[in-house]
1. For region 91-119, enumerate the residues that are of a type in the set (Gly, Ala, Ser), surrounded by 16 or more Cβ atoms within 10 Å (Cβ to Cβ) and farther than 16 Å from GLU155 by Cβ.
2. For LYS84, are the conditions met, namely being closer than 18 Å to GLY135 by Cβ and charged (D, E, K, R)?
3. If we scan region 141-158, do we find a residue that is outside the structural domain of MET67 (by TED's automatic domain parsing), of a type in the set (Phe, Trp, Tyr), more than 29 Å from ALA26 (Cβ to Cβ) and at pLDDT 95 or above?
4. For the subset of region 134-158 comprising residues that are surrounded by fewer than 18 Cβ atoms within 10 Å (Cβ to Cβ) and among the polar types (S, T, N, Q), which member is farthest from THR116 (Cα to Cα)?
5. Looking only at region 49-74, filter to residues that are in contact with a strand residue (DSSP E or B) (Cβ under 6 Å, 6 or more places away or on another chain) and of a type in the set (D, E, K, R); which one of those is nearest to VAL141 (Cα to Cα)?
6. Can you name every residue in region 1-35 that is of a type in the set (Lys, Arg), surrounded by 15 or more Cβ atoms within 10 Å (Cβ to Cβ) and outside any loop (DSSP other than H, G, I, E, B)?
7. Out of region 86-127, which residues are in contact (Cβ under 8 Å) with a residue 40 or more places away in the chain and on the phi > 0 side of the Ramachandran plot?
8. Every residue in region 128-148 that is of a type in the set (Asp, Glu) and without any contact (Cβ under 8 Å) to a residue 24 or more places away in the chain, please.
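The values are calculated or read from the model by the stated rules, or taken from the named source; none is laboratory data. Every value quoted in this text rests on a predicted model; they were computed, and no experiment measured them. All Cβ positions, glycine included, derive from the backbone under ideal geometry; neighbour counts span all protein chains shown.
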Amino acid sequence: MSRIGKKPVTIPSGVTLTQEGQTIKAKGPKGELSFTLPDSVTGKIEGEEFSVQPLVQNKNGMSMWGMCRTMIANLIEGVTNGYKKELELKGVGYRAQMKGSMLSMQLGFSHDVEFTPPEGITITAPKPTSVIVEGIDKQQVGQVAAVIRSYRKPEPYKGKGVRYVGEYVRSKEGKKK
């Protein structure tokens, strides 16, 4: 049995949750998101709580049970508070700055790396060595942060690159003579 799936999701004040068939829509102060439940799971709104139940008792149904509950909780968290990922640039000459809505980074290449954020994502560069990605969709915020990080992943010898704030990069010892 799913321990996460059993817990109902509480709906805070200021958030309206509506259900149309298998589609759940959350609307709050930050915006509006929706999620479609798979066929093996059903959900219902009971007062100020949303509960998820599996329709089939097989492996797929049970695994979708906990995942769907978490997705609904993420919808509610996104429309109330939003999500934020912070990145830091380590390395000599590694800088980031905003040019309009586009992020321009100098990462040791012969050219600047420019990134245009997708709809619903805001990127800021408060310092030349830090980048903040914000939005209401948790998956989209994580994906954009991962794409920015992939331009120059932190390397294990000098530690240069783009990394998440608080990320530990294991350093290796260099060649010995």
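1. Result: ALA96, single match.
2. Judged against the criteria, LYS84 is a match.
3. Scanning region 141-158 turns up at least one residue that is outside the structural domain of MET67 (by TED's automatic domain parsing), of a type in the set (Phe, Trp, Tyr), more than 29 Å from ALA26 (Cβ to Cβ) and at pLDDT 95 or above.
4. That would be GLN139.
5. ARG69
6. Of everything in region 1-35, those that are of a type in the set (Lys, Arg), surrounded by 15 or more Cβ atoms within 10 Å (Cβ to Cβ) and outside any loop (DSSP other than H, G, I, E, B) turn out to be LYS25, LYS27.
7. Those that are in contact (Cβ under 8 Å) with a residue 40 or more places away in the chain and on the phi > 0 side of the Ramachandran plot: GLY91, GLY108, GLY120.
8. Of everything in region 128-148, nothing turns out to be of a type in the set (Asp, Glu) and without any contact (Cβ under 8 Å) to a residue 24 or more places away in the chain.
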